[in-house]
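The values are calculated or read from the model by the stated rules, or taken from the named source; none is laboratory data. Computed from a prediction, not measured in an experiment: that's the story for all the values here. Ideal geometry is used to build each Cβ from the backbone, glycine not excepted, and the neighbour counts take in all protein chains shown.
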Amino acid sequence: MNADAINDIAARHPDAFRRSLWKRYAAPIGVLLCILYTFYCWWFFSIGMVLEKANWNLASAYLADWVSYEIRPDIEFKDNYLTIDYSRFSKLGPNPNPDWVTKEMAVIERRVDAAPAPAIATDKSSQGSFMAPGAPTAENPAAPPDQSAQAAPKTVRENAVVAATVVFGNGRIAITPNLVTVTRGAESVIFDIAKDSSVMPRAALPDWIEQRKPGSTAYVSLGFFGRAEVQNDEVVAWRRFFGWANFVFDTNSPFWGKPFGEVASLIVSGERIDPSRSNAALAWDNILNNAEWQHGDVWLKLLQTIVMAFVGTVLASVVAFPLAFLAARNITPSLIANQTTKRFFDFLRSVDMLIWALFFTRGFGPGPLAGMSAIFFTDTGTLGKLYSEALENIDDKQREGIRSVGATPAMVQRYGVLPQVLPVFLSQSLYFWESNTRSATIIGAVGAGGIGLKLWEAMRTNTNWANVFYMVLLILVVVFVFDGISSYLRRKLMGTAGNGNDERPGRAPARLAPAARP
Amino acid sequence: MSATDVYRAPALSPEGAIVERHWRDLAARRRLYTIGGLVFLLVALSGSLWFANETNAGKFFDRLPYIADFFVELKPRDWFDPVRALFDLPSPYEDGSLKYDYPEGRVYLTQSLYIPEYFYRMIETLNVALFSTLVGSTFGFLLCFLAAGNITASRWLRFTTRRFLEIVRAFPEIVIAGFFLAVFSLGPIPAILAVSIHTVGALGKMFFEVVENADMKPEEGLRAVGANWVERVWFGIVPQVLPNFMSYFLLRFEINVRASTILGAVGAGGIGESLRLSISRGHEAKTIAIVFLLFCTIVAVDQFSAWLRHRLVGRQAFAYGRGE
């Protein structure tokens, strides 16, 4: 192809070769504007600063919390022994004795500088009265009765923990009253503890241990398996376990901690634990009222959300249906009626769902009534607008045909208009049902009830991320199930699975089967 | 034709009679399904209404007389006060309380020129919406070609991309916002992230459906002259889908303005937060000002977007659903 031929082609297609400046540079200008706008937003929201200040460790800890839980043993140094303590509402139940904390017991002598025991204290001078406060009784089962309860500082001999080891998946922390050995993988660090004054490592610290200044608390990170703090008076370990703790029964339930087979046999044929009701009823009640997971409440709230979306959409469709006929200018010839209805739709739509939700929450009090009313009002506007647009786009021939055989106006609508628009209407409503199942969650968080509020409360406390994830999973399941139902119904109605784009005029889908290509 | 001849419907042939009978059966079954469906819907609806009423804090009929309380309590001391609140002009009722401290919220650009507080908040919310739509559509744009059956041959890549888009779309915005609120503390960034992530899923889906309906002839031509994958997509597909993409972008922007307002109300800043605060503190004039501003903004955004979409894609601007 020589230059003449090229010029010839260029001369024949001026629209392709000599385009206007605007057409030539629209795309680069658009991209440039977007980039400039990004810089502007970066400055406006000071994104860089926020990202810098963000606590990413917190983020990963929260994410880990979604699918795991932590148990926190507190190992306190006493003069020549240790006490092991678990938080009061530990996930291990009232008497924790996990196998990942090994203890070495020995009979030791210790001074007790309790105040001179008054009469009441001497009376109950059994075991346990001189133990360190909070020490679980299970750990010193052989504590001998004290010999003398008269002198204030005194010496007792008893069985106590002298060394403990907390085993993590990838390491361990061995603790004695003045020495802590932290091991992760092949590396190991020994700390000398001077009680109540300092924590001194014997070697240089690896990067998974942080000590902000010499002698202060050492922060040990063991990856997913947990972390620990070696302080000068105690070692606090956070041991992480994969899974959801006590998901079915909480620690107060008589079924707690029992293997599945035992629970099943108790329910089927066991003796009644609670004489007033059967074991099955008791188990069900325990599951519903699980203090940590609140299954009953979560399911109730989820049902509220589903109901909000369902009722809101159905009522909106029912109300929008007749109004749309009033708003369509080819159905109702009165301009005043058209415009009034259309502006009414616009009003309902533009007063945001948020405002409607706040308004109805004030009116009805928090709960699904408020949420469904908000959805009802907003979607009456949106559906009405869409319905009336569909009506204005109908084919007039069918109506004329019906009218020409002398049908009444109602009959004309029924047989001339409705068959054309009903699938579209129903399909639109199904879309909104689907979409409202999602928005009902958000609306809930501003007080309109349902799972949104519960979710929001669980998130704001920052401690219950596993519960959050549980609710999110439930919501996802509900959304996917309803998406499935809705697209199945739509397919039945319209004969297509698409979202209406498939019916776009003027562009036939020209697809190449993937297999037909090299 | 004699008078005794009465008009009679022509008798059906035996085959015709069978067809007729089948048609009647079908029609009867259809009617049964319709009635069954309606009855089911009615039962479900009344059951739902009963359930909603039972579990609501206030009962429907008890609360109905008080339903307009919200508006009754909204009556300001005089009808210029909302205007003053809107433009941050000093109020004659100024008593040092938060209720009438309108000038306090001014955001000064220069010594004397200021943006009234609620306009500033509204700009913030609009920026959240626009920026997250931009971010979301950028990623949606990149991903949609991987999900389209006519562009991406690898079944696995397509499957993974589509499932990813689906999960991202179904994940409630509020959870993402809540999570990032915990990480970033209060501010609009969690809302940007939440809305952007949701937008990736929603727009990605709309985009790949457009791409799948694209005319493949330009792509074929480019393939014939040896263009690689990126060139085929960029010169063969993008020019024809861009108007539709922009139309969906605008539709999504409308939706995101609302979404970022709501997220604002749960703690992510912007006009939503101002609204929630002024309602809960009982500041009538401020509430009216905000509701009015919000209403006008949403109408303006909707009108502008509808006009532009109409220019871009003509009648296709008539979109189904909310594009989720």
### Query
Being of a type in the set (Phe, Trp, Tyr), within 12 Å of another protein chain (Cβ to nearest Cβ) and touching a residue at least 12 places away in the same chain (Cβ under 8 Å), is that true of even one residue in region A:307-322?
yes
### Summary
Sole miss for A:Gly381 among (1) at the interface with chain B (Cβ under 8 Å from one of its Cβ atoms); (2) part of a helix (DSSP H, G or I) is condition (1)
### Summary
Checked pairs for region B:141-153, first within 15 Å of B:Thr199 (Cβ to Cβ), second outside any loop (DSSP other than H, G, I, E, B) and of a type in the set (S, T, N, Q), C-beta under 9 Å and 6 or more apart or across chains, list as B:Leu143/B:Thr161; B:Cys144/B:Thr161
### Query
Assuming B:Thr152 fulfils every condition listed in (1) assigned to a helix (DSSP H, G or I); (2) in the same structural domain as B:Arg276 (by TED's automatic domain parsing) apart from one, which condition is it?
(1)
### Query
Hey, any hits in region A:234-251 for a residue that's modelled with pLDDT of 85 or more, touching a strand residue (DSSP E or B) at 6+ places or on another chain (Cβ under 6 Å) and over 26 Å from A:Val67 (Cα atoms)?
yes
### Task
Would you mind telling me which numbered condition in (1) surrounded by 19 or more Cβ atoms within 10 Å (Cβ to Cβ); (2) farther than 18 Å from A:Gly93 by Cβ A:Trp293 fails?
(2)
### Message
Every residue in region A:468-486 that is more than 10 Å from chain B (Cβ to nearest Cβ) and either free of Cβ contacts under 8 Å to residues at least 12 places away in the same chain or surrounded by 22 or more Cβ atoms within 10 Å (Cβ to Cβ) (or both), please.
### Response
A:Leu473, A:Val481, A:Gly484, A:Ile485
### Task
Identify the residue in region B:158-206 that is of a type in the set (D, E, K, R) and farther than 20 Å from A:Gly444 by Cα and, among all such residues, is farthest from the other protein chains (Cβ to nearest Cβ).
B:Arg162
### Filter result for A:Gly367 (more than 8 Å from chain B (Cβ to nearest Cβ) and not polar (S, T, N, Q))
no
### Query
Within region B:102-133, can you find the residues that are touching a strand residue (DSSP E or B) at 6+ places or on another chain (Cβ under 6 Å) and part of a helix (DSSP H, G or I)?
B:Tyr120
### Evaluation of A:Pro254 against (1) part of a loop (DSSP other than H, G, I, E, B); (2) more than 30 Å from A:Gly171 (Cα to Cα); (3) under 26 Å from the mean Cα position of the chain (by Cα) (one fails), failing number
(3)
### Message
Tally up the residues in region B:254-305 that are within 8 Å of another protein chain (Cβ to nearest Cβ), touching an Asp or Glu at 6+ places or on another chain (Cβ under 8 Å) and crowded, with 23+ Cβ neighbours inside 10 Å, please.
### Response
7
#### Entry: Subset of region A:438-467 (residues that are more than 8 Å from chain B (Cβ to nearest Cβ) and in a loop (DSSP other than H, G, I, E, B))
A:Gly450, A:Thr461, A:Thr463, A:Asn464
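Residue by residue, here is whether (1) part of a helix (DSSP H, G or I); (2) closer than 30 Å to B:Leu293 by Cβ; (3) of a type in the set (Asp, Glu); (4) within 28 Å of the chain's Cα centre (by Cα) holds:
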{"position": "A:Asp297", "(1), (2), (3), (4)": "yes, no, yes, yes"}
{"position": "A:Leu303", "(1), (2), (3), (4)": "yes, no, no, yes"}
{"position": "A:Thr313", "(1), (2), (3), (4)": "yes, yes, no, yes"}
{"position": "A:Ile331", "(1), (2), (3), (4)": "no, no, no, no"}
{"position": "A:Gln339", "(1), (2), (3), (4)": "yes, yes, no, no"}
{"position": "A:Phe359", "(1), (2), (3), (4)": "yes, yes, no, yes"}
{"position": "A:Ser373", "(1), (2), (3), (4)": "yes, yes, no, yes"}
{"position": "A:Tyr387", "(1), (2), (3), (4)": "yes, yes, no, no"}
### Query
Got a number for residues in region A:334-350 being buried (at least 20 other Cβ atoms within 10 Å of the Cβ) and either facing another protein chain (nearest Cβ under 7 Å) or among the hydrophobic types (A, V, I, L, M, F, W, C) (or both)?
3
### Query
So which of B:Leu64, B:Leu42 ends up being under 13 Å from A:Ser373 (Cβ atoms) and exposed (fewer than 15 other Cβ atoms within 10 Å of the Cβ)?
B:Leu64
### Query
Could you list, in sequence order, the residues of region A:61-115 that are of a type in the set (Asp, Glu), closer than 23 Å to A:Arg157 by Cα and part of a strand (DSSP E or B)?
A:Glu76, A:Asp85, A:Glu104, A:Glu109
### Message
I'm trying to understand the selection: among the residues of region A:204-229, which are in a strand (DSSP E or B), closer than 22 Å to A:Ser60 by Cα and of a type outside the set (Phe, Trp, Tyr)?
### Response
A:Ile209, A:Glu210, A:Gln211, A:Ala218, A:Val220, A:Ser221, A:Gly226, A:Arg227, A:Ala228, A:Glu229
### Query
Only one residue in B:Asp81, B:Asp88 is in contact with a strand residue (DSSP E or B) (Cβ under 8 Å, 6 or more places away or on another chain), in contact (Cβ under 8 Å) with a residue 12 or more places away in the chain and not assigned by TED's automatic domain parsing to the domain that holds B:Ser274. Which one?
B:Asp88
### Message
So B:Gly136 passes all but one of these: (1) within 11 Å of another protein chain (Cβ to nearest Cβ); (2) closer than 30 Å to A:Lys301 by Cβ. Which condition number does it fail?
### Response
(1)
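Per-residue answers, yes or no, for (1) among the aliphatic types (A, V, I, L, M); (2) closer than 24 Å to A:Gln304 by Cβ:
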| site | (1), (2) |
| --- | --- |
| A:Phe425 | no, no |
| A:Trp433 | no, yes |
| A:Ile442 | yes, yes |
| A:Ala445 | yes, yes |
| A:Gly484 | no, yes |
| A:Arg491 | no, no |
### Message
For region B:107-130, give me the residue count where each residue is buried (at least 17 other Cβ atoms within 10 Å of the Cβ) and farther than 30 Å from B:Leu251 by Cα.
### Response
1
### Query
Among the residues of region A:394-409, is there at least one that is within 14 Å of chain B (Cβ to nearest Cβ) and either within 19 Å of B:Ile255 (Cα to Cα) or surrounded by fewer than 23 Cβ atoms within 10 Å (Cβ to Cβ) (or both)?
yes
